[in-house]
Structures are given as C-alpha cells and as structure tokens.
1. Filtering the range 142-165 down to residues that are at pLDDT 85 or above and over 17 Å from Leu111 (Cα atoms), which residue is surrounded by the fewest Cβ atoms within 10 Å (Cβ to Cβ)?
2. Which of the residues spanning the range 166-192 are modelled with pLDDT of 90 or more and either outside any helix (DSSP H, G or I) or polar (S, T, N, Q) (or both)?
3. So, in the range 99-125, how many residues would count as being out of contact with any strand residue (DSSP E or B) (no Cβ under 8 Å at 6 or more places or on another chain) and without any contact (Cβ under 8 Å) to a residue 24 or more places away in the chain?
4. Scanning for something modelled with pLDDT of 90 or more and in contact with a Phe, Trp or Tyr (Cβ under 9 Å, 6 or more places away or on another chain), does the range 106-120 turn up at least one residue?
5. Is it fair to say Thr102 is open to solvent by 20 Å² or more (accessible area, probe 1.4 Å), of a type in the set (Ser, Thr, Tyr), modelled with pLDDT of 90 or more and closer than 29 Å to Trp238 by Cβ?
6. Tally the residues that are within 17 Å of the chain's Cα centre (by Cα) and either at pLDDT 80 or above or within 21 Å of Thr106 (Cα to Cα) (or both), restricting the search to the range 69-82.
7. For the range 90-110, give me each residue that is within 15 Å of Ser30 (Cα to Cα) and of a type in the set (A, V, I, L, M).
Amino acid sequence: MKHVKYTIRAVLLLAVFFLVTGCTVTETLSFKSTAPNESAFDFTVEDFFIAVLQDFSEFIPPEGDQSLMDKAINDFERALDYSPTTDKVRMTKLNDNAYRGTFTFTNMQQLFSDLGAGPDQSLLTMQKNSMTFSLSMDNYDQLVPVIPFLADENFEAFGPVYNQGLSDADYLEMISFMLGEEGPPAIEQSFITLRVETPTPITGFINGKKISERLYEFSFPLIDFLLLEDPITFTVTWQ
C-alpha cells in the first residue's frame, strides 16, 4: 500500500507539472554494451507552476515541512526505486526551481510494464540494437495506469481524450479560461526532449535527429501530447 500511495502522489504532481509548467524537460538514456544502463533527467520549475500547484494542494494534504514539489520528487524517487529493473535512484535539488534525477536500469521496456502499462504494452519496444516509442490514441489507455492522474475526472479535461479534434488555438483559449492568461504561453514554451546515447554508432532513425555518431535526440512540444492529433513516435537503431 505504501508503494501505491507514493506512486499516485508522485504521478499526480508530476502530471500537473507537465500540463502547466513552462519549461523544457530533458531525459537522457545511455545504453551501454553491458548492463546496467543509465538515465538522467533535468527540469526547471517556473514560478507560475508553483502557484498552480498550490491551487491543487487540496488533493494532497501537506506532510511535514517539505514543499509539495520537494515531496513529489522524493515520492517519485521511491516509485522508481520500487522497480526491480532500477538501481541507484537519486533525485537532487539544484536550487529552489531546478531538479536533477539519475538512476541505472537493466530493462527499460520492463520498467514501463512495472509502472502500470502492462506486459503487453506497445508504448516502448526495445530490441537488441533498437528502441521504438509510439504513443497514439490507440494505446493512450496504456499510459493512463502509468500516470493515473490522466484518468482523474478533475484533470482529464486537459488531456487528449477530451480534446480530440481541437485546434491548437482553441485549446490554448480553453487553457487561458481555466488557468489564466499565463497558461497558454507556458504551454507554448514547453517541450519534452529525449536523448539516447547508443553503445555503438547509430545506423538509422525515424523522426528526431542524429546529434553525433552515438547521440540521438527526439523533441516535441507539450501541446502535441495534450491534443495527440498525430502519433508521437520515433525509432533509433545502432550497430
């Protein structure tokens, strides 16, 4: 039960973060010739997000003297640490608005399943020398158990199920009404970036770009996820 509590609190706060904060989130996955592999992610929280987070604080009663954001980061650390595929999970607070997380892992595909996507999930596929991520309305329901917040009736109006067919402009107008005039520019400035370091030279990729011989990058605007009009997908292969 403790694990469930930690996971729900962590994904709730982090999902609010992804929905309304104006920042760039960067995740780097480093695959090694021999396990374990490494993951590192950085993000900076804007002051606007802190204000919005306080508005949602009624859903998560405060515990101790930690801020809600610090508590969320600590609980997310516990949720990651719970999976048998991860090790050396560590979250570091760089300053009042910035955090960095690192952990090692042996099986990223299994980690998705452990976090709730299920054994037959199609979000992430790992083969010997390739990685494919694919999110669309066809498998969005697999993401919901990983981030239970997405199914909460208080918040699902932000997501793609409720907003299919809505244009970017109409969506941002809705956000302005719901969150205030700071909401639309915060979302427009928000990007999610994934970088993949490969153990051998990259031989091909679909979408994204090759930064160097062994570094691939895929980046997309947050609003693409919020509307999910087109699939968010990429593949990178290496020798």
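1. Gly165
2. Pass one, the range 166-192, residues modelled with pLDDT of 90 or more: 166-173.
Residues satisfying the conditions are Leu166, Ser167.
3. 4
4. yes
5. The answer is yes for Thr102.
6. 6
7. Met108
The values are calculated or read from the model by the stated rules, or taken from the named source; none is laboratory data. Just so it is clear, the model here is predicted, and its values are computed rather than measured. Every residue, glycine as well, gets a Cβ built from its backbone with ideal geometry; the counts of neighbours run over all protein chains shown. Heavy atoms of the whole protein, side chains included, go into the accessibility calculation; ligands, DNA and RNA do not. Shrake-Rupley method; radii C 1.70, N 1.55, O 1.52, S 1.80 Å.
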